[in-house]
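The values are calculated or read from the model by the stated rules, or taken from the named source; none is laboratory data. None of these values were measured; they are calculated from a predicted model. Cβ atoms come from the backbone with ideal geometry, glycine included; neighbour counts cover every protein chain shown.
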Amino acid sequence: MTLQLQTGTTAAAFKMTGSIYTLTTLELHSTNPADITNQLENMTRKAPNFFQQTPVVIAVDQLSPEQPPIDLYKLRHSLQQFGLILIAVRGGRESHKQDAIMAGIPWLPSPTQPDCEEKGAETNVVIMQKSRPSGALAETSSQPPAPAAAFKTTLIEHPVRSGQQVYAEGDLVITSPVSAGAELLAAGNIHVYGPLRGRALAGVNGNKDARIFCLQFEAELISINGQYKMPSASDSSDSLWGGSVIVSLEEQSLHIKKL
C-alpha cells in the first residue's frame, strides 16, 4: 500500500508505504522490575553489543491476573539501559491497554492465531521467566548460574531470517538455514544443520566449553564465552569456509576445525 499526499500543485513532502518488519518480542511472565533487569543483565553480560538498537514489543498475554501492574516507565528505562527500544505493548487485559496509552506507548492486539508459532510464523520470543518467591531468591542469589545442560534444548525447525534473534537458555538446535542478518544466542552449544550466514554466540552465560557446529559455515560473526571472530571467505585462515565445521574456545582464542 502506498499513500501519496499532494496539495494543489505542490509536491508532497512525504509518502506513506506499507512494509513488513520482523520484531523481537519479549513475552513477560513476571512484572517484577528486578527480575526482568537481572535476566536482561545476564543475557547481555557476555554480548554487550548484541541487542543494541533492537526494537522490541512487550507481550503481556501470559501474565496472570494476580500479577501486580506493570510499571511501563521503569520497564522502558531498563530496556534502554541494555540497548532495547520499546515500541509497543501487545495483548493483555483492558488495564494493560490503558496503561500503555497513559505511558505514550502504542498498544497492539494479540495475534488472532494462537498456534502461529507452531506453524512457523516469523515470531521471535525471548521469554522472561516467572519470578521466584522472594525467600527463594534471597537463598540462591549468591549461587552461580545453573549450567546450560540444566536447561531444555531449544529446537527451531523453520528458517531464521534476517532481522530475527533467537535466544536459548540451554543448547540451541536449528534444522533450517540461518540467513545473513539473523542472530543466534545460546547459553550452551549451537547446532545449525544447514547454512549459517548470520551471527552465532554460544556460551553467553560464561560457558567456555560451549561449541558451535554447522554444516555450511558462512557466518558473519561467531563468539564463545565473549571471545569474538568475524570470519571471511577471503581470509586464508578460514579455509573451511562453506564446509562443515566445529568452533571451540581454546586458550582464549576461537578455533575452527573440520567437523
*Consider K208 against the criteria (1) surrounded by 17 or more Cβ atoms within 10 Å (Cβ to Cβ); (2) closer than 26 Å to L40 by Cβ: it satisfies all of them except one. Which criterion is unmet?*
(1)
*A34: within 21 Å of N205 (Cα to Cα), hydrophobic (A, V, I, L, M, F, W, C), loosely packed, with under 14 Cβ neighbours inside 10 Å and at pLDDT 70 or above, yes or no?*
yes
*Tell me which residues, restricted to the range 25-84, are part of a helix (DSSP H, G or I), of a type in the set (S, T, Y) and in contact with a helix residue (DSSP H, G or I) (Cβ under 7 Å, 6 or more places away or on another chain).*
T37, S78
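Okay, residues lined up against (1) assigned to a helix (DSSP H, G or I); (2) more than 27 Å from T37 (Cα to Cα); (3) in contact with a Phe, Trp or Tyr (Cβ under 6 Å, 6 or more places away or on another chain); (4) modelled with pLDDT of 55 or more:
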position: Q98; (1), (2), (3), (4): yes, no, no, yes
position: I105; (1), (2), (3), (4): no, no, no, yes
position: S110; (1), (2), (3), (4): no, no, no, yes
position: P114; (1), (2), (3), (4): no, yes, no, no
position: Q129; (1), (2), (3), (4): no, no, no, no
position: G135; (1), (2), (3), (4): yes, no, no, no
position: V166; (1), (2), (3), (4): no, no, no, yes
position: L185; (1), (2), (3), (4): no, no, yes, yes
position: L201; (1), (2), (3), (4): no, no, no, yes
*Which of the residues that make up the range 174-184 are surrounded by fewer than 19 Cβ atoms within 10 Å (Cβ to Cβ) and among the aliphatic types (A, V, I, L, M)?*
A180
_Name the residue that is surrounded by the most Cβ atoms within 10 Å (Cβ to Cβ), counting only residues in the range 211-227 that are under 10 Å from V178 (Cβ atoms) and of a type in the set (A, V, I, L, M, F, W, C)._
A219
*Collect the residues in the range 232-250 that are among the charged types (D, E, K, R) and either in a loop (DSSP other than H, G, I, E, B) or modelled with pLDDT under 70 (or both), keeping them in residue-number order.*
D235, D238
*Set G163, G198: member being of a type outside the set (A, V, I, L, M, F, W, C), within 20 Å of the chain's Cα centre (by Cα) and crowded, with 19+ Cβ neighbours inside 10 Å*: G198
*Return yes or no: is G181 in the same structural domain as H158 (by TED's automatic domain parsing), under 19 Å from Q164 (Cα atoms) and modelled with pLDDT under 90?*
yes
